[in-house]
Structures are given as C-alpha cells and as structure tokens.
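Structure first, commentary second.
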Amino acid sequence: MTIKKYANRRLYNTATSSYVTLDTLCQMVKDDVDFVVYDAKTSEDITRQVLTQIIVEEEGKGQNMLPISFLRQLIGLYGDNMQWLVPSYLETAMQSFARN
C-alpha cells in the first residue's frame, strides 16, 4: 500500500483515495498491513521517518516502552564504526522477542 505525504503534512492513502492520520498508520502497523510512505514532491521513501514519528507520538501519549538509557545508547551509536551492525541486531532481537 502506498501513502503519500504532502507538504502540508497530510498523509494520503492511494489505495483508498483518502487522507489518513498517524493514528491510522499506527493501527495499520498493529494490523500487520504493509505500507510505504513517499514524499509527494520528491518521491523519496520516508517510511522510516514516519514510523519513527509514530513511535514519538506513542511515547508522548505515555506509552513509554523505550527506556531513557536505551535511547541514549542508541543515539550514541550514530556515527560509530559499529553503526552498521545495529539495525540487523535489533531486528533479530525483536524477532526473537516476538517468538518467545
């Protein structure tokens, strides 16, 4: 499913021809609906940024799942020579967590 994000920050679901919110996208993730978000002007894939924005919104609602120490460690790894290992490690760890 393709979502387009316009300059006015509105998100448009091309499959349903309707505007959606971050809450809608959050529910889609929970429902295991796969989607990609593109910047409507540049066609750049901004899925990662939008998913991160959803996490920030959920954390702001009091759904605190990410400990401050974890966030500090994660930020500290940006630019580190081991940065390339982090995504695959975190993905593997989350898959293992979900299985158990």
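Brief remarks follow.
- Angle in degrees between helix 86-99 and the longest Cα principal axis of the chain, rounded to the nearest 10: 90
- Cleavage-rule hits (GluC sites (Glu not before Pro)) in the chain: DSSP loop, at most 16 neighbouring Cβ within 10 angstrom: Glu44
- Anisotropy class of segment 1-41 from Cα gyration tensor, a/c 1.5 cut: prolate
- For the residues Thr42, Thr14, Thr52, a GNM of the chain with alpha-carbon springs under 10 Å puts the largest fluctuation on Thr42.
- Note on the chain: antiparallel DSSP beta bridges, both residues inside, total approximately 65 percent of the bridges counted.
- Label-to-label distance, Ser96 versus Ala15, with points set 7 angstrom from Cα along the beta-carbon direction: 3.2 nm.
- Helix 47-60 and the longest principal axis of the Cα set of the chain meet at an angle near 70°.
- Sites Asp34 and Glu57, calculated FRET efficiency, Cβ-Cβ separation with R0 22 Å, nearest 0.05: 0.65
- Remark: the Leu71-Thr2 segment gains 21.9 nm on full extension, using 0.36 nm per residue and subtracting the alpha carbon distance.
- Scanning the chain for chymotrypsin sites (Phe, Trp or Tyr not before Pro) lying in DSSP loops with no more than 16 further Cβ atoms inside 10 Å, the longest uninterrupted stretch between such sites is 7-77.
- Charge dipole of the chain about the Cα centre (unit charges at C-beta), most positive-ward option of Met82, Tyr6, Val33: Tyr6
- Alpha carbon centroid spacing (whole Å) that separates segment 8-26 from segment 46-100: 24
- GNM remark for the chain: springs join alpha carbons under 10 Å apart, and the peak mean-square fluctuation among Ile75, Ile54, Ile46 falls on Ile75.
- Computed [θ] at 222 nm, helices only, for the chain once each DSSP H run of length n ≥ 4 contributes -39500 (n - 2.57): -14500 deg cm²/dmol
- Helix 68-77 and the longest principal axis of the Cα set of the chain meet at an angle near 90°.
- Three-way shape label, segment 45-100, alpha-carbon gyration tensor, a/c 1.5: rounded
Read-outs: derived from the displayed coordinates by stated rules, not from any lab. Because the structure is predicted, anything quoted here is derived from the model rather than measured. Don't worry about glycine lacking a Cβ; one is built from the backbone with ideal geometry, like all the others, and counts go over all protein chains shown.
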